[in-house]
Amino acid sequence: FVVGANCCSKELYRLSGPNPQARDVRESFTETEPIESCDVLIVSGVITPALKPYLLEAYERMLQPRYVMAVGTCSTSGAVFETIPLEEVLPVDVYVGGCPPTLDTLISGLESLREKVAMGDHLDGGDFAEL
């Protein structure tokens, strides 16, 4: 499930198309599933106090075990606009930095997240994808 409507989200959508760089991580970020059927939450963009309750509700309604990936400088650190880093709202498994992150960085972050899910590795401090 993807939350965000900024430049980082637009970069995620590039992974859905016919991009040769993304051939091994093809994901459909344009189709929405009910949050109750999701175990991965991908958050990008500015985290504000008004958004916090919605993120918490989405997280609580997800399947368990739940995994969270923060995408972009705003959600990973709260920088740029000096807002709330996602880790102050939810436990984050994978961090993907950048403003916006490069396609290679997004792919690296998704691969790291897939490994965590496959191994059942949950919340060991989070990985920071940086190229």
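The values are calculated or read from the model by the stated rules, or taken from the named source; none is laboratory data. Every value quoted in this text rests on a predicted model; they were computed, and no experiment measured them. Here the Cβ positions follow ideal geometry from the backbone for every residue, glycine too, while neighbour counts run over all protein chains shown. These accessible areas exclude ligands, DNA and RNA; they are computed on the full protein's heavy atoms, side chains included. Shrake-Rupley method; radii C 1.70, N 1.55, O 1.52, S 1.80 Å.
Structure summary
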item	result
Evaluation of Lys52 against (1) on the phi > 0 side of the Ramachandran plot; (2) at pLDDT 90 or above; (3) open to solvent by 10 Å² or more (accessible area, probe 1.4 Å) (one fails), failing number	(1)
Residue under evaluation Leu63, criteria (1) modelled with pLDDT under 65; (2) surrounded by fewer than 13 Cβ atoms within 10 Å (Cβ to Cβ), criterion not met	(1)
Residues of the stretch 78-111 that turn out to be part of a helix (DSSP H, G or I) and farther than 15 Å from Lys52 by Cα, as a count	9
Sole exception among (1) under 16 Å from Asn6 (Cα atoms); (2) at pLDDT below 90; (3) in contact with a Ser or Thr (Cβ under 7 Å, 6 or more places away or on another chain) for Ala129, by number	(1)
Among the residues listed as Ser44, Ser37, Ser75, the single one being open to solvent by 60 Å² or more (accessible area, probe 1.4 Å) and at pLDDT 85 or above	Ser37
